[in-house]
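*Asks:* Structure below; questions to follow.
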Amino acid sequence: MTLANHNPHSLQGRRALITGSTDGLGLAIAQGLAESGCHVALHGLQDAALMSPVLEHMQTEHGIQASYCRSDLSTRQGIEDLHAQVCATGKAPDILINNAVMRHFGPIETLPFEDWQQALNVNLSAAFGLIQKVLPNMKSQVWGRIIQMTSVYGLRGTAQRVDYVTTKTALIGLTRAVAAETVTDGITSNAICPGSVLTPGTDIRVLDMMRERSMSREEAEIEFLQNKQPTQRFVRAQDVAASVVFLCSPAASEITGHVLPIDGGWSAL
């Protein structure tokens, strides 16, 4: 096959499971993978009926298979159920994007232990459990892509977010350990560390600042991003998605164990 007719970024025929993908960054990643010809399995806690229009649009627009699985990843049974559901709707996933997240705000001394444990379960243990489930198939076909969606806070600390900082940092270690164990199996394991992305959750916080402090939209965004991204712009979800697609593509087959910040220069300071 010559370079003239070979697309190094095509994921035609591959199948991806993207956890936490009913909206925001996870959904943008699913859409980016679908645009590259990849079949996608979305996941979340939404009612399945609410996701039907999204799935139908992806299938019609990109000619791929799209499914949705509802599962609570805070339990081992939820991890087992999700993998079983995905396999039941098509072939086992050969791309895994661990994006599901639970976060809490507040000082360490007042964070309920139950909240801490929930964040460990969803953010970290679910990623580990799903990697365990997908690795046998990836190894058998000598091809696989595993990506942890961590954060700039996996590279540096911040106050009032101990569960988020801890789990996102741990995901980087998990990424490197998986890369070391699969380096001869045709599998890559990488982590992406976005800065502040304008997701529905972030937008709510910006709108709250506008209302509570009588700010314009521009003023609230600048205040929100103060001491964060030097660009003073939110990272676009579609740009993060494009980086995920690249890391999943044949062109990135020699990139493994890598941690990629997408943060407008934040981690460079």
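The values are calculated or read from the model by the stated rules, or taken from the named source; none is laboratory data. Keep in mind that this is a model prediction, so the values were computed, not measured. Don't worry about glycine lacking a Cβ; one is built from the backbone with ideal geometry, like all the others, and counts go over all protein chains shown.
*Asks:* In the range 152-185, how many are within 18 Å of Gln132 (Cβ to Cβ) and touching a Phe, Trp or Tyr at 6+ places or on another chain (Cβ under 8 Å)?
*Replies:* Going through the range 152-185 one residue at a time, the tally reaches 1.
*Asks:* Find all pairs meeting these conditions: Cβ atoms under 7 angstrom apart; at least six residues apart or on different chains; first residue within the range 201-214 and in contact (Cβ under 8 Å) with a residue 60 or more places away in the chain; second residue part of a helix (DSSP H, G or I) and among the small types (Gly, Ala, Ser).
*Replies:* Close Cβ pairs satisfying both conditions: Gly201/Gly24.
For (1) closer than 24 Å to Asp72 by Cβ; (2) at pLDDT below 95; (3) small (Gly, Ala, Ser), each residue gets a yes or a no:
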| site | (1), (2), (3) |
| --- | --- |
| Gly13 | no, yes, yes |
| Leu17 | yes, no, no |
| Gly26 | yes, no, yes |
| Asp47 | yes, no, no |
| Leu55 | yes, no, no |
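*Asks:* Just checking, how many residues over the range 93-115 are in contact with a strand residue (DSSP E or B) (Cβ under 8 Å, 6 or more places away or on another chain) and surrounded by 17 or more Cβ atoms within 10 Å (Cβ to Cβ)? First the steps, then the outcome.
*Replies:* Step one: list which residues in the range 93-115 are in contact with a strand residue (DSSP E or B) (Cβ under 8 Å, 6 or more places away or on another chain), which gives 93-101, 103-105.
Then keep just the ones that are surrounded by 17 or more Cβ atoms within 10 Å (Cβ to Cβ); that gives 93-101, 103.
Residues meeting the conditions: 10.
*Asks:* Now, a different point. Being on the phi > 0 side of the Ramachandran plot and surrounded by 19 or more Cβ atoms within 10 Å (Cβ to Cβ) is true for just one of Gly186, Gly264. Which residue is that?
*Replies:* Just a single option satisfies the conditions, and that option is Gly264.
*Asks:* Also, quick follow-up: Quick one: Ser67 ticks every box in (1) of a type outside the set (A, V, I, L, M, F, W, C); (2) in a strand (DSSP E or B); (3) under 15 Å from the mean Cα position of the chain (by Cα) bar one, so which box is it?
*Replies:* The single condition Ser67 does not satisfy is (3).
*Asks:* Additional query: Quick check: anything in the range 54-71 out of contact with any strand residue (DSSP E or B) (no Cβ under 8 Å at 6 or more places or on another chain), surrounded by 13 or more Cβ atoms within 10 Å (Cβ to Cβ) and closer than 23 Å to Thr166 by Cβ?
*Replies:* No, because not a single residue in the range 54-71 is out of contact with any strand residue (DSSP E or B) (no Cβ under 8 Å at 6 or more places or on another chain), surrounded by 13 or more Cβ atoms within 10 Å (Cβ to Cβ) and closer than 23 Å to Thr166 by Cβ.
*Asks:* Give me a count of the residues in the range 31-49 that are out of contact with any strand residue (DSSP E or B) (no Cβ under 9 Å at 6 or more places or on another chain), of a type outside the set (D, E, K, R) and either buried (at least 16 other Cβ atoms within 10 Å of the Cβ) or outside any helix (DSSP H, G or I) (or both).
*Replies:* Residues in the range 31-49 being out of contact with any strand residue (DSSP E or B) (no Cβ under 9 Å at 6 or more places or on another chain), of a type outside the set (D, E, K, R) and either buried (at least 16 other Cβ atoms within 10 Å of the Cβ) or outside any helix (DSSP H, G or I) (or both): 3 in total.
*Asks:* Does His83 satisfy the condition of being touching a helix residue (DSSP H, G or I) at 6+ places or on another chain (Cβ under 7 Å) and either part of a strand (DSSP E or B) or closer than 13 Å to Leu17 by Cβ (or both)? Step through it out loud before you land on a result.
*Replies:* Numbers: touching a helix residue (DSSP H, G or I) at 6+ places or on another chain (Cβ under 7 Å): yes; either part of a strand (DSSP E or B) or closer than 13 Å to Leu17 by Cβ (or both): yes.
Criteria met by His83.
*Asks:* Quick one: count up the residues across the range 101-137 that are under 28 Å from Gly186 (Cα atoms) and small (Gly, Ala, Ser). Even if it seems obvious, please write down each step before you answer.
*Replies:* Of the residues in the range 101-137, the ones under 28 Å from Gly186 (Cα atoms) are 101, 122-137.
Subset that is small (Gly, Ala, Ser): 125-127, 129.
Final tally of qualifying residues: 4.
*Asks:* Here is a follow-up. State whether the residues of the range 204-227 include one that is touching a Gly at 6+ places or on another chain (Cβ under 6 Å), more than 20 Å from Trp143 (Cα to Cα) and crowded, with 18+ Cβ neighbours inside 10 Å.
*Replies:* no
*Asks:* I need a count of the residues in the range 159-190 that are over 18 Å from Leu124 (Cβ atoms), in contact with a helix residue (DSSP H, G or I) (Cβ under 6 Å, 6 or more places away or on another chain) and not hydrophobic (A, V, I, L, M, F, W, C).
*Replies:* 1
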